[in-house]
Each structure stands twice: as structure tokens, then as C-alpha cells.
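The values are calculated or read from the model by the stated rules, or taken from the named source; none is laboratory data. The structure displayed is predicted, hence computed values, not measured ones. Cβ sites come from the backbone with ideal geometry, for glycine too, and all protein chains shown count toward neighbours. For the accessible areas, the whole protein counts, side chains as well, though only heavy atoms, and no ligand, DNA or RNA atoms are used. Shrake-Rupley method; radii C 1.70, N 1.55, O 1.52, S 1.80 Å.
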There are 4 protein chains.
Amino acid sequence: MIGIEDEKFIRGKVPMTKQEIRILTIAKAQICATDYVVDIGAGTGSLSIESAKIAEHGYVFAIDKNPEAIDLITQNAEKFSVDNIIIINSEAPDALRQVPRIDIALIGGSGGRIVEILNAIDEKLKTGGRIVANFITIQSLAAMLDWLKKSENYIYDAMQIQINKLQNVGGYSMSQALNPVHIVTAKKFPQKKSPNIIKLPVDSQESKSNISSVAVNR
Amino acid sequence: MIGIEDEKFIRGKVPMTKQEIRILTIAKAQICATDYVVDIGAGTGSLSIESAKIAEHGYVFAIDKNPEAIDLITQNAEKFSVDNIIIINSEAPDALRQVPRIDIALIGGSGGRIVEILNAIDEKLKTGGRIVANFITIQSLAAMLDWLKKSENYIYDAMQIQINKLQNVGGYSMSQALNPVHIVTAKKFPQKKSPNIIKLPVDSQESKSNISSVAVNR
Amino acid sequence: MIGIEDEKFIRGKVPMTKQEIRILTIAKAQICATDYVVDIGAGTGSLSIESAKIAEHGYVFAIDKNPEAIDLITQNAEKFSVDNIIIINSEAPDALRQVPRIDIALIGGSGGRIVEILNAIDEKLKTGGRIVANFITIQSLAAMLDWLKKSENYIYDAMQIQINKLQNVGGYSMSQALNPVHIVTAKKFPQKKSPNIIKLPVDSQESKSNISSVAVNR
Amino acid sequence: MIGIEDEKFIRGKVPMTKQEIRILTIAKAQICATDYVVDIGAGTGSLSIESAKIAEHGYVFAIDKNPEAIDLITQNAEKFSVDNIIIINSEAPDALRQVPRIDIALIGGSGGRIVEILNAIDEKLKTGGRIVANFITIQSLAAMLDWLKKSENYIYDAMQIQINKLQNVGGYSMSQALNPVHIVTAKKFPQKKSPNIIKLPVDSQESKSNISSVAVNR
């Protein structure tokens with residue numbers, strides 16, 4: 001079951017995706033047991049750990065440029081007895097070169113390079129795969145929406161989530177606002193082909209190799 | 001014009017109604033130039049000062065039990081050159097005994113005694129007058145909604161306001177949530193009379209004295 | 001994986017818990033494979049179906065007074081090939097008499113009888129069990145918060161969730177607000193005992209039998 | 001006093017700025033009695049009328065391309081006995097050519113041409129003047145934030161406002177969400193001059209003429 005409580009994670013000064021946003025992000029990703037998942041801007045590893053528990057026969061590639069984050073992910077993976085996380089201490093989009101073809105891409109943080117990251121993900125993401133991204137800035141959100149609009153092979157939905165916790169203060173329930181987050185969920189469909197292209201006979205590897213070469217040539 | 005910026009007020013550790021909530025509260029109150037206004041839980045006096053500038057030929061009675069608040073109201077009244085605020089260092093509802101009949105009651109804080117405060121306000125509030133209350137707890141909000149439902153001579157509207165400020169962080173606009181506030185606006189109408197009561201001839205003072213005696217007997 | 005899309009459910013005029021609220025409700029409930037779950041005000045059965053898929057070796061008791069809802073739950077259970085839902089066409093709290101001891105209670109709708117429903121749930125809920133309730137009215141929310149405060153054996157958290165969908169309108173992303181929902185999650189702990197009670201030696205079954213008798217005697 | 005109730009305006013199918021957003025927009029604009037105000041995408045004229053009542057010795061230029069809107073503005077101006085609104089049935093930014101130098105620009109709708117509109121406003125807006133814009137799309141908001149970042153002579157603040165009305169349904173207070181709106185408030189400062197420019201002696205008209213020529217030459 002997803003939904004580990006925030007307090008259960010070992011946390012440093014690294015920002016962490018809050019429980020409710022994490023739950024929605026993981027649920028929107030619709031991860032399967034054999035999936036390969038990449039977690040970009042993994043931070044404390046909270047999204048990686050929840051993903052790794054679902055993708056129990058797959059792998060999670062947790063990418064973060066910050067060595068402190070790498071430490072925390074390592075500690076949390078150990079704490080939650082998760083052994084299918086591959087930790088990559090490098091920056092996206094470059095770090096994505098080290099990753100095989102993936103089913104799911106989670107974006108917790110993009111460091112202002114969202115378009116490059118999306119291009120790099122697109123090269124690795126299988127048809128039918130999903131990207132789920134969290135945004136705390138208008139600019140990165142707008143950039144992803146723009147990228148999706150230009151792209152021909154994603155359908156997506158986007159939403160803002162705002163949580164107000166009710167704190168018990170002397171018997172009164174007082175609203176405490178958490179900062180709102182946007183979640184964008186994009187599903188990759190087979191690339192549209194122009195209708196007048198002649199389809200030559202190909203070997204059984206066709207669909208797979210075709211897609212990867214298209215991706216490489218973009 | 002209403003809408004003094006938060007930074008312009010002299011502030012201590014006393015909580016202050018934020019600019020946007022203040023603007024909406026004052027606008028909902030529809031204060032006139034000759035109005036008598038009471039501000040309960042006046043805090044730094046921000047609502048009192050905005051009210052006093054509109055009720056330029058009336059008075060604002062600023063009530064707060066906290067001596068630190070009284071100090072701040074005094075300083076802010078001086079800073080904004082407002083001379084029609086009467087400051088009462090006492091606790092509501094008792095402090096309301098010192099106040100004449102009023103046109104507008106603002107409730108910034110109720111210290112858990114909202115029902116008693118509403119009863120005391122009701123005794124002082126003229127027909128056609130308004131109560132505008134800000135709530136940060138579910139319990140006090142629910143108590144006022146309940147009081148209004150039982151009362152026969154108020155119409156009201158209620159709403160929650162949530163503000164997310166966009167902070168500029170390195171060229172990116174990042175949402176920063178403020179805690180949500182509920183604003184309840186109630187307008188007092190002439191008391192309904194039961195239809196089967198025999199109306200005896202009365203002097204011209206009837207409606208007024210009738211209402212105040214009812215109020216006294218509640 | 002939780003998070004069935006809203007469109008996938010067969011829906012009538014019966015209100016349905018929206019996907020994001022459903023995801024959070026189910027995740028907060030932390031349902032296990034062998035759990036007995038009761039879903040009060042089951043509506044279209046969306047919470048029941050997501051629960052039944054997790055509690056695959058347990059049962060979900062879906063309660064609704066509305067025959068139209070019963071129809072929809074039946075149809076949706078069939079559509080999603082779920083065979084561990086027991087549908088009860090009756091009104092809570094009375095309907096709860098027909099239910100065995102439970103691990104999880106979900107409250108989607110309380111029809112203004114939240115306190116009676118909570119009392120009835122409390123009699124059936126095992127120690128360590130959870131109640132997760134969704135509220136769309138201030139009064140029912142306040143009543144549950146009040147009930148929890150008086151109760152001695154629950155810890156809880158409460159929050160408001162607001163979702164704004166970004167609709168694509170001619171290439172522009174326009175916010176469309178969904179009505180906010182409060183989610184209250186309460187976990188039942190062993191009842192506090194008064195400190196001056198003499199503890200007699202008991203067999204290893206003590207804590208369990210003790211608690212169940214307490215529950216019965218309430 | 002600002003804050004006319006929504007129901008008081010004559011409304012067609014033209015979208016109208018809701019009362020609370022209108023109150024905040026007008027308050028943020030800090031309009032003075034002698035100000036020249038332009039209202040772009042005036043719709044029903046609700047912002048124009050509230051502005052015209054404050055700028056009683058100034059003028060409001062209400063711009064809308066939609067003839068239905070022009071009709072409604074005319075009717076509403078008559079209803080509220082406001083005679084200082086000049087109605088321009090044309091599209092911004094072109095319509096701004098017909099407008100004199102202004103103190104305040106309100107943007108209720110930008111029809112996807114926000115950057116051109118901001119450039120045209122900038123040519124007309126006096127130093128110390130204000131732009132207050134309402135946004136319902138991420139893209140137009142992002143475009144204005146970007147424009148402001150590039151500009152050297154505005155300081156601004158931006159925020160999202162979300163209102164949930166509490167509807168009384170059978171004695172229960174049910175939240176009904178309004179779509180959130182972003183409000184951006186920008187204040188124009190004198191243009192920065194590069195520090196190594198030799199300042200020649202000039203007449204007392206210097207700062208004013210300098211700025212206007214800069215504006216014309218942009």
C-alpha cells in the first residue's frame with residue numbers, strides 16, 4: 001500500500017515530496033510490478049521508495065545531483081528494505097544517458113531544465129509509458145505544458161493540488177496551508193505517422209527499432 | 001482607498017489580518033462615512049485604521065484584551081493620522097457594554113467565545129447593520145453559522161479565501177500559501193414577528209424599543 | 001494499483017468520490033489484503049471497488065440507502081470483476097448492525113447522522129483499525145472533530161484538499177476548480193484504563209478479549 | 001465604497017469579474033479621484049464602474065471588442081449613474097492608441113495578446129502608475145511574469161486567489177469552489193539610467209519629457 005508517512009523517512013535539509021502529493025503522484029503513474037522507473041530530482045528518495053515497492057520485479061533509477069540527497073536515498077532504501085533502486089549521482093538530463101528504456105518517469109525537480117529533461121525522457125520512454133511531474137513554479141509548469149502541446153504523441157492531464165492541514169491548537173482546528181503543487185501526467189502514444197508514407201516490409205523488431213530510431217533522430 | 005500594505009503597519013508579535021483579507025473584510029462591511037464601527041480582537045489595529053478612514057465622521061471602537069495590542073493600535077493610529085478610534089483594553093463580550101449602538105461589527109478574533117460575542121453584538125447592532133467576521137478555526141466558524149441559522153433576523157454569506165503569493169526565486173515564480181481564512185458577512189434585518197400576535201397601537205418609538213427589549217431579554 | 005479513472009465507472013445521478021479524493025482516501029486507510037472494510041454511503045461504489053481490490057482476501061461491506069446506488073455498485077462490481085463486496089441496501093447507522101467486526105471504515109456520506117454513525121462504527125472497529133471520512137459540509141466535519149476530541153482512543157489527522165484541473169481551451173490551460181473536500185483519518189488505539197485499576201494476572205489472550213468486551217459493553 | 005454585489009449588474013453571456021476578485025483588483029489599483037484609468041476587456045463593465053466611482057474627477061476608458069459587452073457597459077453605467085466612462089468598441093492593443101496618458105491600467109481579459117497589450121500600456125502609463133491584471137490561464141500569467149522580468153521599470157507582486165462559497169443546503173454549509181484567478185499588480189518606476197551617462201543640466205521638465213520620449217521611441 002502506498003502512503004508512507006512523512007516522519008518515517010530519514011530527512012536532511014533536502015526538500016521532500018509531501019505524503020499527499022506523493023500518494024497522488026505514484027497513483028497517477030500507475031506503476032506495474034515489472035516496470036522500470038526513473039525518478040528525477042529524487043531528493044530524500046521518498047518517491048523512489050514508494051515506486052520500488054510497487055515495481056518489485058523492476059528497477060527504480062533515482063537521479064540527483066546533490067550528494068546529500070544520494071546519502072539520504074541510500075539510508076532510506078536501507079530503512080525500508082528496498083533493494084531495487086539504482087542511485088545515480090549526476091544531473092538530469094545528462095544522467096538519463098545511463099538509464100535503459102523506461103516505463104515511467106517521475107519528475108520531482110527539474111532545476112530549470114525541464115524541456116531538456118523531457119526531451120531526454122522521451123528518448124527513453126516506451127510507448128504506453130507515463131511521465132508524472134510535480135511543479136512548484138509557474139515557469140516550469142508552463143514549459144512542460146508547452147512541450148506537451150508541441151509533441152504529437154502524448155495525452156495528458158494537469159492539476160493543482162492544495163492541502164490545508166487542520167492543526168489541533170487548544171481544542172480548535174486551525175487550517176495550516178501547504179504550498180500548492182501542480183501535477184502533470186502524460187501518457188505516451190505511438191507516434192503519428194503521416195498517412196502517405198509507404199510502409200516497407202520489416203522484421204519482427206520493427207515497431208521497437210522504429211521507435212527508438214525516431215527517438216534518436218529527434 | 002482601502003488596501004494599506006502590510007509593511008506599513010507597526011507590528012509586534014500580535015497577529016495581523018493580511019492585506020487581502022483586510023480589503024475583503026472592509027469591502028464586505030460596506031462602511032459609511034458616519035458609521036459607528038466596533039473592531040473585536042483589534043490586534044495591530046489594521047482593520048480599525050482602514051475602517052476609521054472610511055467612517056471619517058463616525059467612530060471605531062477597537063477592543064483588545066492584550067496590552068501589547070493596545071500599544072500597537074495607539075502607535076498605528078498616530079502613524080496613519082487617524083483620530084476617531086476609541087481604544088478599549090478589555091475582553092469581548094464584556095467590553096461591548098462600553099460601546100454605544102453600532103452600525104458595523106468586525107470580528108478579527110473571538111478567543112473561543114464567538115457565541116457570547118455575537119449575542120452582545122446583536123444587542124448593540126442597529127437594524128440594517130452588518131457583522132463581518134474572520135475565522136481561522138472550524139469550530140468558531142461552525143458556531144457562528146449555527147448562531148445565524150437560529151437567529152431570525154440576519155441574512156448572511158460565508159466563504160473561504162485562500163491566497164497563494166508568487167515569490168520570485170531566482171527568476172522563477174514559486175507559490176507560497178497563506179493560511180486560508182473564512183469570512184462571514186451577516187446583515188441584520190428587522191426582527192420577524194410571529195403572524196398571530198395582535199398588534200396593539202404603539203407610539204412611534206415602537207420598532208426600536210421593541211427590538212432592544214427583545215435583545216435585552218435574550 | 002489504486003486510482004481508477006472516473007470515466008471507467010458506470011455512473012448515474014448518484015454523486016461519486018472524484019479520483020484524486022478516492023486515491024487519498026484509500027491510501028490514508030492503509031487497507032491490507034485480509035481486511036474487513038465498511039463503506040458507508042457507498043454511492044457508485046468507487047471506494048468499495050478500489051478497497052475490494054486491495055482487500056482481496058477480505059470483504060467490503062458497501063452500505064447505501066438509495067436503491068439506485070445499489071444498482072450502480074452491483075454493475076460496477078461486475079465490470080471490475082470484484083467478488084468480495086457485500087452490498088447492504090439500508091441506512092447507516094442501523095445497517096452497521098449487519099456487519100461483523102471491521103478493520104477499516106470509510107465514510108463517503110453521512111446524511112447528517114455522523115455522530116450516530118461514528119458511535120456505531122466504534123462498536124465494530126478493531127483496535128488498530130482506521131476510519132477515513134470525507135466531508136463536504138462544515139457541520140459534519142465539525143461534528144466528527146468534536147467526537148474525536150471527546151473520544152479517548154483515537155488519534156487523527158484532518159485536512160482540506162482542493163483540486164483545480166487545468167483544462168485545455170484553445171491551447172490555453174484554464175483552471176477549473178473542484179469543490180474542496182475534507183478528509184479525516186482516525187486510528188483506533190486501545191482504550192485508556194484509569195490508572196488506579198488493579199491489574200490481575202491474565203492469560204495471553206488478555207488484551208484482545210478485554211478490548212472486545214469493552215467494545216460490546218459501551 | 002467598493003464591492004457592488006454581482007447581482008446588481010446587468011449581465012448577459014459576457015463573463016464578469018466576480019465581486020471578491022473585483023474588490024481586490026480595485027484595491028490593488030489604488031485609484032485616486034483624478035485618475036485616468038483604462039479597463040481592457042471590460043466585459044460587463046463591472047471593473048469600469050467601480051473605478052469610475054473612485055476616479056470621480058478622472059475618466060475610465062472601457063475597451064472591449066465585443067459589441068454585446070459595449071451594450072452591457074452602457075446599460076450598467078446608466079444604472080449606476082456613472083458619467084465618466086468612455087466606451088471604446090475596439091480590440092486591444094490597437095484600441096489603446098485612442099487613449100491619452102493614463103494612471104492605471106486594468107486588464108480583465110487579454111485574448112491571448114498580453115505581451116502586445118503590455119507594450120501598448122507601457123507607452124501610455126505614467127511613472128508611478130499601476131497595472132493590475134487578472135489571469136485565468138497559466139500561459140498569459142507566465143507571459144506577463146516574463147515581460148515584467150525583462151522590463152527594467154516595474155516592481156510587482158502576483159498571487160492566486162481562490163474562493164470557496166459556503167452554500168446553505170438544508171441547514172448544512174457546503175463548499176462551492178469558484179475558479180481561481182491570478183492577480184498581478186505592477187507599479188511603474190522611472191526608467192533606470194546607465195550609471196556612466198553624463199547628466200547635462202536640463203530644465204525642470206526633464207524627467208517627464210525624458211520618460212515620454214523614451215516611451216514613444218520604444
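Regarding D:Tyr172, is this residue over 27 Å from B:Gln160 (Cβ atoms) and in contact with a strand residue (DSSP E or B) (Cβ under 8 Å, 6 or more places away or on another chain)?
no
Return yes or no: is B:Leu24 at pLDDT 95 or above and more than 23 Å from D:Arg22 (Cα to Cα)?
It is false that B:Leu24 is at pLDDT 95 or above and more than 23 Å from D:Arg22 (Cα to Cα).
Could you look through segment D:136-159, keep only residues that are in a strand (DSSP E or B) and not hydrophobic (A, V, I, L, M, F, W, C), and pick out the one that is farthest from the other protein chains (Cβ to nearest Cβ)?
Result: D:Tyr154.
Tally the residues that are modelled with pLDDT of 95 or more and open to solvent by less than 20 Å² (accessible area, probe 1.4 Å), restricting the search to segment D:7-17.
The qualifying residues number 1.
When you check A:Gly3 against the structure, is it more than 14 Å from chain C (Cβ to nearest Cβ), among the small types (Gly, Ala, Ser) and surrounded by fewer than 24 Cβ atoms within 10 Å (Cβ to Cβ), yes or no?
In short, no.
If only one of B:Asn89, B:Asn76, B:Asn84 is under 17 Å from the mean Cα position of the chain (by Cα), at pLDDT 95 or above and over 25 Å from B:Ala186 (Cβ atoms), which one is it?
Numbers: B:Asn76 fails: under 17 Å from the mean Cα position of the chain (by Cα); B:Asn84 fails: over 25 Å from B:Ala186 (Cβ atoms).
The conditions single out B:Asn89.
Quick one: A:Ala133 ticks every box in (1) buried (at least 23 other Cβ atoms within 10 Å of the Cβ); (2) within 11 Å of another protein chain (Cβ to nearest Cβ) except a single one, so which number is it?
(2)
Please work out which residue is farthest from the chain's Cα centre (by Cα), limiting yourself to segment B:112-139 and to residues that are of a type in the set (Gly, Ala, Ser) and closer than 17 Å to B:Asp39 by Cα. Walk me through how you get there before you give the answer.
Our first condition is that a residue be of a type in the set (Gly, Ala, Ser); within segment B:112-139, this holds for B:112, B:120, B:128-129, B:133.
The next check asks that each one be closer than 17 Å to B:Asp39 by Cα; those that pass are B:112, B:120, B:129, B:133.
Details: B:Gly112: 15, B:Ala120: 13, B:Gly129: 11, B:Ala133: 5 Å.
Among residues in segment B:112-139 that are of a type in the set (Gly, Ala, Ser) and closer than 17 Å to B:Asp39 by Cα, the one farthest from the chain's Cα centre (by Cα) is B:Gly112.
Of the residues A:Lys18, A:Lys28, which single one is under 14 Å from the mean Cα position of the chain (by Cα) and of a type in the set (D, E, K, R)?
Values: A:Lys18 fails: under 14 Å from the mean Cα position of the chain (by Cα).
Checking each option against the conditions leaves just A:Lys28.
So, in segment B:161-175, how many residues would count as being among the polar types (S, T, N, Q) and modelled with pLDDT under 95?
Going through segment B:161-175 one residue at a time, the tally reaches 1.
Could you please let me know if A:Thr137 is among the polar types (S, T, N, Q) and either under 16 Å from A:Thr185 (Cα atoms) or in contact (Cβ under 8 Å) with a residue 60 or more places away in the chain (or both)?
Working: among the polar types (S, T, N, Q): yes; either under 16 Å from A:Thr185 (Cα atoms) or in contact (Cβ under 8 Å) with a residue 60 or more places away in the chain (or both): no.
Considered against the rule, which asks whether it is among the polar types (S, T, N, Q) and either under 16 Å from A:Thr185 (Cα atoms) or in contact (Cβ under 8 Å) with a residue 60 or more places away in the chain (or both), A:Thr137 comes out as no.
Answer with yes or no whether A:Ser46 is touching a strand residue (DSSP E or B) at 6+ places or on another chain (Cβ under 6 Å) and without any contact (Cβ under 8 Å) to a residue 60 or more places away in the chain.
no
Of the conditions (1) surrounded by fewer than 20 Cβ atoms within 10 Å (Cβ to Cβ); (2) in contact with a Lys or Arg (Cβ under 7 Å, 6 or more places away or on another chain); (3) more than 30 Å from C:Gly109 (Cβ to Cβ), D:Ile104 fails just one. Which one is it?
Only one criterion is unmet by D:Ile104, namely (1).
With respect to B:Glu20, is the statement that it is acidic (Asp, Glu) and open to solvent by less than 30 Å² (accessible area, probe 1.4 Å) true?
Answer is yes for this residue.
Conditions first: (1) part of a helix (DSSP H, G or I); (2) away from every other protein chain (no Cβ under 12 Å); (3) among the hydroxyl-bearing types (Ser, Thr, Tyr). C:Thr17 passes all but one, so which condition is the exception?
Every listed condition holds for C:Thr17 apart from (1).
Among the residues of segment B:25-37, are any within 14 Å of another protein chain (Cβ to nearest Cβ), of a type in the set (Gly, Ala, Ser) and open to solvent by less than 10 Å² (accessible area, probe 1.4 Å)?
Yes.
How many residues does segment D:136-150 contain that are among the hydrophobic types (A, V, I, L, M, F, W, C) and surrounded by 22 or more Cβ atoms within 10 Å (Cβ to Cβ)?
5
Specify the residue that is nearest to C:Thr137 (Cα to Cα); the eligible residues are those in segment B:164-173 that are part of a strand (DSSP E or B) and more than 13 Å from chain C (Cβ to nearest Cβ).
Ranking the candidates gives B:Lys165 first.
Given the criterion within 30 Å of B:Asn168 (Cβ to Cβ), open to solvent by 10 Å² or more (accessible area, probe 1.4 Å) and more than 14 Å from chain D (Cβ to nearest Cβ), identify the matching residue among A:Glu78, A:Glu123, A:Glu68, A:Glu56. Steps first, please.
Details: A:Glu78 fails: within 30 Å of B:Asn168 (Cβ to Cβ); A:Glu123 fails: within 30 Å of B:Asn168 (Cβ to Cβ); A:Glu56 fails: within 30 Å of B:Asn168 (Cβ to Cβ).
The conditions single out A:Glu68.
Are there any pairs, at least 6 apart or on different chains, whose C-beta atoms fall under 6 Å, with the first in segment A:174-189 and at the interface with chain B (Cβ under 7 Å from one of its Cβ atoms) and the second open to solvent by less than 20 Å² (accessible area, probe 1.4 Å) and assigned to a loop (DSSP other than H, G, I, E, B), and if so, which?
As it stands, the answer is A:Ser175/B:Pro180, since those pairs meet every condition given.
Quick check on B:Ile163: is it under 12 Å from B:Ala42 (Cα atoms) and crowded, with 19+ Cβ neighbours inside 10 Å?
no
When the residues of segment D:101-120 are filtered to those that are more than 14 Å from every other protein chain (Cβ to nearest Cβ) and in contact (Cβ under 8 Å) with a residue 40 or more places away in the chain, which remaining residue is farthest from D:Ile183 (Cα to Cα)?
Per the criteria, the residue is D:Arg101.
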